[in-house]
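One structure is given here, and the rest of the page talks about it.
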């Protein structure tokens, strides 16, 4: 039915084509100025041919089977042409995309090579700048920084120089925490417990940790990340031990430590009376007690505090010495070994001896009484500070503070190093005894001491007599802050 319906339009189409061809031939014939009869014959021939074609196509379309085959053939030709066209378009599009991708890959490779060259040039320039700025040395010369508030307390045991990634290790101290942790010259310390460091900031960052604590170190070793843990050392103790080992290696004898008796004494009846004995020192170990009179040390007679200070200063830890002591009616000779504390002290023997004969004082001419006797003021007792001191290589150090004394009330503490007393420099115990020996009850004392890394001044310490208790003053309440006065408004001009 469909083919029959389309027969007339197709016939009309072929008729139009034939007629069009006839029209085209007609002008050509006319152009040759053919005669009219010839034109008529040509027109008849064209019409006849067109009718024949129309009849043939009509026959084909009239036969349903042949018509279907004709249409199927046309459709197959059309589908084939369409498929070939689409395929050509897809292949062309894929080829274009592949060309674009190849071009992008080429551009990316060239860009990567260019960036690699730029990075290599920058690294070379950085290395050249570091070489110019940092000569090979154990400690890199740097511009003098502002003085630190206190010297470092901890020690890792490395010398460093600046590096782009952190602090580059140039040397490692033997037997140091760094050596124990396996650090090597050439390592770069990047962080300490996660905190980034440089050669300049490494000491202060390490000092944020207490001696003996462990820290985690992030390193760069031959461009590889390495993590280690180091236990920090006490700087002062480590350096002292290193100095001792160096002396032993050089064959130098180690200086003996001084002996600390740990007793408070006073002058009495031409001898030295023991006022108080502290636990944990040589005096307690060898059996000294309150009220004992120390007559001699190593055969040297004693009658003043200056003399006993000088005699004790000569004693050395681990070396034998002797004391002549009077206790009540008995006189004893004590042989012992002294030390800086009880652990190094030892009593060897204690035996009774006859009291030494008293010296006969020289005869003096009888005094001539004045005609008008003048009353003499009563002698004031000597002032009492209340400290036990020892002498070290660093000076005079307070070993103990007696409770309820002027020293305790003023806030002095064991370990304080006395620098000055009443403005006079104190280099030895004898210097301190000379200053204190001229002070009496009620006199004022001023001390400059070194406590840790801080210098403190204790002014106007009122000295009591020995045996008088002194209580620490109660803290004064802090005054309430006064409100700031409001500024008066100024008149506008």
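Compare the peptides 82-91, 451-460 by average per-residue count of other Cβ atoms within 10 angstrom and give them in order, highest first.
451-460, 82-91
What's the FRET efficiency of residue 221 with residue 301 using the Cβ-Cβ distance as r and R₀ = 56 Å, to the nearest 0.05?
0.20
Expressed in nm to one decimal, what extension gain is obtained for the pair residue 347 and residue 56 from 0.36 nm per residue of sequence separation less their Cα-Cα distance?
89.7 nm is the gain from fully extending residue 347 to residue 56.
Once label points are set 7 Å from the Cα along Cα→Cβ at both residue 200 and residue 120, what is their separation, rounded to one decimal in nm?
3.4
Compute the length gained on full extension between residue 458 and residue 82: take 0.36 nm times their separation in residues and subtract their Cα-Cα distance, giving the result in nm to one decimal.
Extending this stretch completely gives an extra 124.4 nm.
For labels at residue 108 and residue 74 in the simple 7 Å Cα→Cβ model, what's the distance in nm?
Result for the modelled spin labels: 5.2 nm.
If we sort 463-470, 112-119 on the protection proxy, mean other Cβ atoms within 10 Å, highest first, what's the order?
So the order, starting with the most tightly packed, is 463-470, 112-119.
How far apart, in nanometres, would the label points at residue 180 and residue 239 be if each is projected 7 angstrom from Cα along the Cα-to-Cβ direction?
2.0
No lab work stands behind these numbers, since they all come straight from the coordinates. Fair warning: this is a prediction, and the values are worked out from it, not measured in the lab. Cβ sites come from the backbone with ideal geometry, for glycine too, and all protein chains shown count toward neighbours.
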